[in-house]
Amino acid sequence: MGIKEEFQELSPAKCLVVGLLICVGYYFALFNKGDDITAQWAGIEAEMNGYKTRLQAVKTAMSDKASFESTVTSLTRDLEELLKYFPLVLDMNDIERELTDKLRMTQNQLIKISDNDTKSRFPGYNEYGVQIESQGGFHEIMNFLSAITKMNRVVDFRTINLKSVSSTDEVSMVQFKMNLSVFAQNQEKSQAPTNSNQGQGQ
């Protein structure tokens, strides 16, 4: 007698019990309360968290790189701007011509402008002296000094001597002599500045 005939001989109540037993057997055999799925999900979450951590590290590195590049660009620009005040080559003829032009623009009378031997005080830089003798009103002299401070180079006022030469109710004429220094980066002798003629004047 086969299984089919044996089931046909069972009462409905017994069939129900047998069916329940079979379902329970399948449940425990095939479904283990989700432990495998839970473990797999935990593994997936851990892997996802690992990817998120690495992604955040990459984003941080990229942000730091952008910040670094921005800082380098800014510093490079500032350095280039600063180096304009310390040229590689300095032509003293150009310097003295510029100073003479500023004297005229501020209505001062040039008496004499010449090179002045000066010992360099700062390692890595050459220092070149200029001596100016001129005459003008006090207001005009102040305008000349102000104009010098606006030159695109570092100028050191080493000495300034003033002497009154004439005075009226409207203006006092002052004769002044000053020694200035300008600077260039220390280069080979072939790049040394061109000396101007001594004792230029008008």
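We did not get these values from a lab; they are worked out from the coordinates using the rules stated. Remember, it's a predicted structure, so these values are computed and weren't measured experimentally. Neighbour counts are summed over all protein chains in view; Cβ atoms, including those assigned to glycine, are modelled from backbone coordinates with ideal geometry.
Counting lysine pairs in segment 92-191 whose alpha carbons fall under 16 angstrom apart, excluding pairs fewer than 8 residues apart on the same chain, gives 7.
By other beta-carbon atoms within 10 Å, ranking 134, 146, 120 with the fewest at the front produces 146, 120, 134.
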